[in-house]
1. Please go through the range 236-256 and pick out each residue that is surrounded by fewer than 18 Cβ atoms within 10 Å (Cβ to Cβ) and under 17 Å from the mean Cα position of the chain (by Cα).
2. Scanning the range 149-207 for residues that are β-branched (V, I, T) and within 11 Å of the ligand (Cβ to nearest atom), which turns out nearest to A128 (Cα to Cα)?
3. Within the range 50-64, how many residues turn out to be within 16 Å of the ligand (Cβ to nearest atom), surrounded by fewer than 24 Cβ atoms within 10 Å (Cβ to Cβ) and not β-branched (V, I, T)?
4. For the range 139-180, what are the residues that are crowded, with 17+ Cβ neighbours inside 10 Å, modelled with pLDDT of 95 or more and among the hydroxyl-bearing types (S, T, Y)?
5. Going by what's in this entry, would L183 be described as surrounded by 19 or more Cβ atoms within 10 Å (Cβ to Cβ), touching a strand residue (DSSP E or B) at 6+ places or on another chain (Cβ under 7 Å) and of a type in the set (A, V, I, L, M)?
6. Mind checking which helices (runs of 4 or more DSSP H) fall wholly inside the range 1-89 and carry at least 1 residues that are among the small types (G, A, S) and touching a residue at least 60 places away in the same chain (Cβ under 8 Å)?
7. Go through the range 95-121 and give me each residue that's touching a helix residue (DSSP H, G or I) at 6+ places or on another chain (Cβ under 8 Å) and of a type in the set (S, T, Y).
Amino acid sequence: MEKVYGLLGHPVGHSMSPLIHNDAFSNVGIKANYQAFDVEPEMLEEAITGIKALGIAGCNVTVPHKIAVMKFIDEVDEEAEQIGAVNTIVNQNGKLIGHNTDGRGYVQSLIEETNEDITNKRFLIIGAGGAARGVITALLRYGIGDLTITNRTQDKIEPLLELAKMFQTTANRATRAEVEQNLDQFDVLINTTSIGMSPRIEDSPLSLENLRAGAIASDLIYNPLKTKFLKEAQVRGGKSHTGIGMFVNQAALSFEHWTGVRPDHNRMRKLVLEKLGGTIC
Ligand code: NAP
């Protein structure tokens, strides 16, 4: 019988997950169908009960449900617990297990696409929202040594510094002005905010005047493929890394959780690029 998988989010109309997962299922020869379900926040618990009742084999979870969903499922793995959010659910014979593939997907992409040893780099994280937590957790689990976090709302940085302490990683907070002044101290700058995302493509989270040539500027945003932040970094001799790899890798890792099969990343990436009207980035 054809298995059913899905995405729980609100809204979900523009999601590219159905496109890449349905293609991956047919490409590896698994009979399955992946659909996007638009779930209002007050219906989330019922939707989760529905997964069990209908025998849906697995789900992705996206904005705004990644945190709230944790209280409705049966088990959460250690990584998702540390991140404090779930983006993947596996229905294991009626038991719903939560994982989070966002951070690991990001770190994989950063390493593969920049070809750099990241363990000895000085990191700057811009932003302290859900995506930042996923990325920081994955970087700490991978083993980075030096981390600075800046965010508009400074209070949100504190729990992330606590997390870094658990991994014995040096971590500091800084204001935007402090970071801009000392930008040449960082080897990898990661924009985890939504600043620069379509349609506000002329916005950038930082002034990059003091960027060190050769530093890596990385953006979680993949629409546009090249944000203003990345374009400016390139002009100043920086290397750019876009969010498309994170999106593709988190999807591929979810697919592996559900099926045990590794899908073709390049094929997924090509589909996303085609959909975004881009070529190579
Ligand atoms: P979130 O939890 O709402 O966090 C948003 C972050 O952006 C916060 O740090 C927020 O600062 C900051 N921010 C937003 N608007 C700002 C502004 N005008 N000025 C200064 N700071 C601002 O969102 P999220 O889930 O972390 O997602 C963040 C971004 O990551 C989005 O663009 C999303 O598309 C992208 N993302 C990409 C992938 C991928 O697969 N490539 C996966 C997940 C997320 P405050 O704390 O001060 O509000």
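The values are calculated or read from the model by the stated rules, or taken from the named source; none is laboratory data. None of these values were measured; they are calculated from a predicted model. Virtual Cβ from ideal backbone geometry, glycine too; neighbours counted across all protein chains shown.
1. E256
2. I157
3. So the answer is 1.
4. T148, T150
5. Taking the combined requirement at face value, the residue does not satisfy it.
6. Ranges flagged: 17-28.
7. Residues satisfying the conditions are T101, Y106, S109, T119.
Results for (1) among the basic types (K, R); (2) buried (at least 19 other Cβ atoms within 10 Å of the Cβ), shown as yes or no for each residue.
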site: L96; (1), (2): no, yes
site: R104; (1), (2): yes, yes
site: Q108; (1), (2): no, yes
site: E116; (1), (2): no, no
site: N120; (1), (2): no, no
site: G129; (1), (2): no, no
site: A132; (1), (2): no, yes
site: T137; (1), (2): no, yes
